[in-house]
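Just so you know, all these numbers are worked out from the coordinates, no wet-lab data involved. The structure presented is a predicted model; accordingly, all values stated were derived computationally and were not measured. For neighbour counting, all protein chains shown are included, and Cβ atoms are generated from backbone atoms with ideal geometry for every residue, glycine included.
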Amino acid sequence: MDAILSQEKLRRIYEEAACSVTKKLMGITLRPGKPLPDRNACTVYTSFARGAHSGFAFRAEKSLTERMTRNMMRMEQVQEQDIEDYLREYLNVLCGQIVAAVFKEAKVGTRFGIPEFYNGSYYPENMEKSWEVSFLSDQNEGAWLIHYKALNVK
Amino acid sequence: MGKRVMVVDDSRIMELQMENLLRGTDYEVAAYCRNGQEAISRYEEVMPDIVTMDILMPGMDGLETAQIILEGFPDAKILMLSSLAYDDTIQEATQIGAKGFIYKPFDQEQVLDAFEKALNGT
């Protein structure tokens, strides 16, 4: 997607989508910020295809992912499997918003894969980190959106 | 008895969400299918009034699944339900005969409105 829109524009699209989807789905406010690096976290990842050839991860501290899941399920107790399922759905919605915004800006349609869940960090094969944006939640938990590009894409 | 909805989605979240959202309405979740193949093989047995079909699923995607169901049952009322909400997806869904599109994230009003429109042909 780096070739389709400027990095600055993409960052803005990612930031706005993350803030609005997180607020709408979970009632949690994210704001741009600098969390401490890699505290206990988990990651959901997907790759874009058709005109994009890039990847996209959402990584967040476990306490935030638990809270996100509890808020989405409207339940006090959640299981590991719930967190995995809800984060995958969250990324699915988030990617949809990003793809729609990119289409609106650049008239380029993109598809993305089925989101995958990982405990801890995840480093996709044949991709390199292109850039990331970081957030703090309303309870100062950290979250990161990481954009990857394929190694053979200039 | 309420109108019967078949939910086709690889995420169990959608089944839970749809059940919560349709509680107390004229609709009920009659069947939940985790993939396109299951939806195709169960459609005739369930004969739902409405199908909500996710687009992004492992194996056969929702557009292909909808197309196959519509070939066998041209009157099927299939609504594509997806976070992929941009023009060429909508165009593709319309071309194969889907009756509408529901975008994630959605609320009860949006879903019921889409159901009514699909059933009334508006």
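A few remarks follow.
- All aspartates and glutamates inside 18 Å of B:Lys99 as judged from Cα atoms, apart from same-chain residues fewer than 8 positions distant: B:Asp9, B:Asp49, B:Asp54, B:Asp61, B:Glu64, B:Glu71, B:Asp75, B:Asp87, B:Asp88, B:Glu109, B:Asp113, B:Glu116
- Cα-based Kirkwood hydrodynamic radius, the stretch A:73-126, one decimal, Å: 13.3 Å
- Acute angle (nearest 10 degrees) that the helix A:62-73 long axis makes with the longest principal axis of chain A, alpha-carbon atoms: 80 degrees
- Selected from B:Arg34, B:Arg42, B:Arg23 as most flexible by GNM, with chain B as the system and alpha-carbon contacts under 10 Å: B:Arg23
- Largest mean-square fluctuation among A:Ser121, A:Ser47, A:Ser63, in a Gaussian network model of chain A whose springs join Cα atoms under 10 Å apart, belongs to A:Ser63.
- Considered as an equivalent ellipsoid built on the Cα gyration tensor, the stretch A:104-154 has semi-axes of 23, 17, 13 Å, the largest given first.
- Straight Cα distances below 17 angstrom link A:Lys9 to the aspartates and glutamates A:Glu105, A:Glu132, with same-chain residues fewer than 8 positions distant left out.
- Compactness check for the stretch B:37-122: Cα Rg over 2.2 N^0.38 Å is 1.01.
- Counting every C-alpha pair in the protein assembly as shown, the share spaced more than 22 angstrom apart comes to 57%.
- For chain A, the longest principal axis of the alpha carbon atoms and the long axis of helix A:80-106 meet at an angle near 30°.
- Here chain A is treated as an ellipsoid with the same Cα gyration tensor; its semi-axes, largest first and in whole Å, are 25, 16, 15.
- Estimated vicinal HN-Hα couplings, Hz - the stretch A:128-137 in sequence order (Karplus 6.51, -1.76, 1.60; Gly, Pro = x): 10, 5, 9, 6, 9, 10, 10, 9, 10, 7
- In degrees, nearest ten, helix A:7-26 long axis to first principal axis of chain A (Cα): 30 degrees
- 10 Å Cβ neighbours from other chains, averaged over peptide A:89-102: 5
- Working note: Karplus 6.51/-1.76/1.60 with θ = phi - 60° gives the stretch A:120-125 the couplings x, 8, 9, 10, x, 5 Hz, where Gly and Pro are set to x.
- Entries of A:Lys62/B:Lys104; B:Lys77/B:Lys117; A:Lys62/A:Lys129; B:Lys3/B:Lys77; A:Lys23/A:Lys149; A:Lys149/B:Lys104 with Cα pairs more than 19 Å apart: A:Lys62/B:Lys104; A:Lys62/A:Lys129; A:Lys23/A:Lys149; A:Lys149/B:Lys104
- Interchain or long-range residues, amide H under 5 Å from B:Lys3's placed H: B:Tyr27, B:Glu28
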